[in-house]
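The values are calculated or read from the model by the stated rules, or taken from the named source; none is laboratory data. Everything numeric here is computed off the predicted structure, so don't read it as measured data. Every residue, glycine as well, gets a Cβ built from its backbone with ideal geometry; the counts of neighbours run over all protein chains shown. Quick note on the areas: whole protein, heavy atoms, side chains included, nothing else; ligands and nucleic acids left out. Shrake-Rupley method; radii C 1.70, N 1.55, O 1.52, S 1.80 Å.
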Amino acid sequence: MAQNEELFAQVWETYGPGLYRFCLLQMKNPADAEDVLQDVLFKRLYHAPRFKSPEHERNWLFQVAINLCRDEWRRHRRSELPLETAAGVSIPPAELSLLEQVADLPEKQRTALHLYYYEGYSVQEIARLLGVTVPTVKMRLKRGREALRKEWVET
């Protein structure tokens with residue numbers, strides 16, 4: 001039991017905040033994001049393969065988060081609450097505004113933008129995570145940036 005607690009603490013400290021931000025952006029609701037994150041961490045503790053490196057572990061965790069968020073959206077149309085209602089998340093106002101605009105993008109664009117800009121994944125890594133081609137990721141990033149640019153010009 002103590003070993004699981006240590007592993008949980010290590011995984012949470014290393015990946016928790018980034019995974020939570022990702023889940024929150026995808027689910028658009030703090031409670032749903034926490035539920036998905038809990039499922040991701042459960043899978044990490046009890047069903048994860050052996051990892052070759054921390055990068056392999058990180059990729060696996062985000063792949064699980066991507067899949068679980070998609071599954072939840074397919075199962076239920078989730079209620080959307082403003083991102084600022086997220087308890088315990090300290091996001092500067094300027095960044096919160098940007099996150100809200102990103103959250104309004106279509107799922108494929110917001111996922112690519114978040115993984116690229118917030119989590120630091122390369123285009124090639126995103127393509128592997130999402131099971132798409134590099135040109136597809138580049139197009140999603142381009143369209144997402146264009147949509148954000150258009151939104152900024154209009155405001």
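Tabulated data
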item	result
Residue within the range 147-154 that is over 23 Å from E55 (Cα atoms), open to solvent by less than 80 Å² (accessible area, probe 1.4 Å), at pLDDT 85 or above and not hydroxyl-bearing (S, T, Y) present	yes
In the range 103-135, the residues that are in contact with a Lys or Arg (Cβ under 7 Å, 6 or more places away or on another chain), under 16 Å from R21 (Cβ atoms) and surrounded by 20 or more Cβ atoms within 10 Å (Cβ to Cβ)	A112
Selected residue (criterion: modelled with the highest pLDDT) from residues of the range 86-107 that are under 13 Å from M27 (Cα atoms) and assigned to a helix (DSSP H, G or I)	E107
Positions within the range 1-23 being open to solvent by less than 80 Å² (accessible area, probe 1.4 Å), more than 17 Å from A65 (Cα to Cα) and under 20 Å from the mean Cα position of the chain (by Cα), in sequence order	A9
Residue in the range 69-82 that is at pLDDT 95 or above and either within 18 Å of the chain's Cα centre (by Cα) or among the β-branched types (V, I, T) (or both) present	no
Odd one out for L45, checked against (1) open to solvent by 60 Å² or more (accessible area, probe 1.4 Å); (2) farther than 27 Å from L98 by Cβ; (3) assigned to a helix (DSSP H, G or I)	(1)
Any hit, the range 62-79, residues being touching an Asp or Glu at 6+ places or on another chain (Cβ under 6 Å), farther than 18 Å from Y121 by Cα and open to solvent by 50 Å² or more (accessible area, probe 1.4 Å)	yes
Residue in the range 26-35 that is closer than 21 Å to G131 by Cα, not in a helix (DSSP H, G or I) and not acidic (D, E) present	no
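One line per residue, one yes/no per condition, for (1) more than 21 Å from D104 (Cα to Cα); (2) assigned to a helix (DSSP H, G or I):
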residue	(1), (2)
Y117	no, yes
L129	yes, yes
V132	yes, no
V137	no, yes
R140	no, yes
R143	no, yes
E146	no, yes
K150	no, yes
